[in-house]
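Below: the structure, in structure tokens.
Nothing in this text is a laboratory measurement; each read-out follows from the coordinates by a stated rule. Computed from a prediction, not measured in an experiment: that's the story for all the values here. Heads up, the Cβs are rebuilt from the backbone with ideal geometry, glycines too, and the neighbour counts pull from every protein chain shown.
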Amino acid sequence: MIVLHDLMLAAQWADRIVVLDKGRLHIAGTPVEAITPQMLADVYGIAARVEYCSKGRLQIMTDGLIRPHDPGCQASPTSGKTREGNLAR
């Protein structure tokens, strides 16, 4: 077992990931299950895409901050090879 705070390293090399939010379990699972645009929005307050590189590894592409006081602002995932979280207004 190892503790990493670098999500990119965890996404590429971990078999299982546990994400804590304010000291509480937010999600646990494989990198594909745990690292999603919605989790990144909920826990880290960022709009991001979770994509696969040419070698098939997960990569996190940060698009910006989500302002919590901006009404109607939320991350919404889409389907396909690229798992995107778009800032919907």
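Convex hull volume per residue, computed on the Cα atoms of the stretch 5-63, equals 73 Å³. Protection proxy ranking for 8-16, 51-59, using the average of other Cβ atoms within 10 Å per residue and placing the highest first: 8-16, 51-59. Once the C-beta distance of ARG24 and MET61 is scaled by a Förster radius of 22 Å, the resulting FRET efficiency is 0.25 to the nearest 0.05. Computed from label points 7 Å out along Cα-Cβ, the spacing between VAL32 and MET1 is 2.5 nm.
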